[in-house]
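A quick write-up on the structure given underneath.
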């Protein structure tokens, strides 16, 4: 009989064979699993021509009525999964965050040189560094230090509203812009024509404009079309966005750094991370910090201003809610001063109203897409690697299973005894999920509160009247984009009394 000596090499070979066998069985099992339900797919193009070019979140809600809280579509080879449930979003983005934290390879940000922005970065070491910087800036102790900046700029906002209420959209854009400029760069915005605010807002609009070319992410080969080719205007849009972002982020940082070097800088994100005021640390990679700082403005300005525009819309549609909010302010604060941050815990209806603003008109209806890094199995369904997974935040916010009368603006739903007091709060999902959650949540929440409470304390917001004395309906149509921007309505914003006029004019703004 032949004698066989079992060697280490033999053991390795058997281990490899077993591993391959188990892997093949696993893959075979997954291949037999069904994809999540969704509309029927056509050969080659899949569901490409069923995807609307606008208001995709509304279509996702429509599909959910037929196929459930997970809707899978195939856009010409690009797998997409719409999630219409907070529970599922938490399961995937929070509990399985290692597999659902990266981003798609967006075509327009690539062409336009916008991949440096934190929200668009794929998951990796560079993103972790960005979020480390942002979390240090936005951690609660630092946010509390910047309440004074928010308060003073809110005072400027109130004075602007008093002088030119017809330009309320501009004032609501300038408020977060001015706060962000001071918080990030130590730059004091002096007037409506501030160069750096204008540059930053132009960048925000340019980046939002690139989102109009979402079809490039579904048909990425189109990026190779020459610029002169009919329909290839996206090359021009991308180039303009790239040039704008380069000018903005470098010019404003250079200004901030100059102030730091000549000793005139005010405490801000730049001074914190460049080691000003005796603080340890600093930034080894200056370019990296320039990108992080620019991201703060681009991510926070238009989202915050849109929340305030939605507040005005709500007050125009629901005057009885405005009156109830003002009654609470008058009862708790009186009319001899304007509200401050210290009053917040004593104003439960105002707090509820702010929460309802976030739920009633979700600003980022889909957030930003996540991508599955590897194949996954969830609730018996196969989710292929590379699937673009999007939480339909609009659908969650309008889910009648969670919120009775979801289309109605009802702050009382969040009060003790209200129908949603113990339900899912909008703050739990409107800022995103998992490792991609917005780091500026507390900052944004504070700004929304102070702007809301002071505006309602000092002003009445009422519809304008047509020539026949009939109230003009407010503008309710939001733009279909990454951010659900809404334009102004014809309305009258007037001080509640001469006493309020005096209070506003006496406010400290310097």
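Each value in this text was obtained by applying a stated rule to the coordinates, not by laboratory testing. It should be emphasised that the depicted structure is a prediction, and the values quoted were computed from it without experimental measurement. Please note: Cβ atoms are built from the backbone with ideal geometry, for glycine as well, and neighbour counts cover all protein chains shown.
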Checklist line | Residue that is farthest from residue 157 (Cα to Cα) [pool: residues in the stretch 494-504 that are in a helix (DSSP H, G or I) and touching a residue at least 60 places away in the same chain (Cβ under 8 Å)] | finding: 499
Check: On the given criteria, is residue 58 in a helix (DSSP H, G or I) and more than 19 Å from residue 482 (Cα to Cα)?
Finding: no
Next item on the list: Kindly establish whether residue 401 is loosely packed, with under 14 Cβ neighbours inside 10 Å and without any contact (Cβ under 8 Å) to a residue 12 or more places away in the chain.
Entry: yes
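Per-residue answers, yes or no, for (1) in a loop (DSSP other than H, G, I, E, B); (2) over 23 Å from the mean Cα position of the chain (by Cα); (3) more than 23 Å from residue 146 (Cβ to Cβ):
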| site | (1), (2), (3) |
| --- | --- |
| 180 | no, no, no |
| 192 | yes, yes, no |
| 196 | no, no, no |
| 208 | no, no, yes |
| 230 | yes, yes, yes |
| 250 | no, yes, yes |
Next item on the list: Would you check if residue 507 is assigned to a loop (DSSP other than H, G, I, E, B) and within 22 Å of residue 325 (Cβ to Cβ)?
Entry: yes
Next item on the list: Kindly check whether there is at least one residue in the stretch 296-313 that is surrounded by fewer than 17 Cβ atoms within 10 Å (Cβ to Cβ) and in contact with a helix residue (DSSP H, G or I) (Cβ under 8 Å, 6 or more places away or on another chain).
Entry: no
Next item on the list: From the list 127, 158, 111, pick out the single residue that is more than 25 Å from residue 260 (Cβ to Cβ), buried (at least 19 other Cβ atoms within 10 Å of the Cβ) and free of Cβ contacts under 8 Å to residues at least 12 places away in the same chain.
Entry: 127
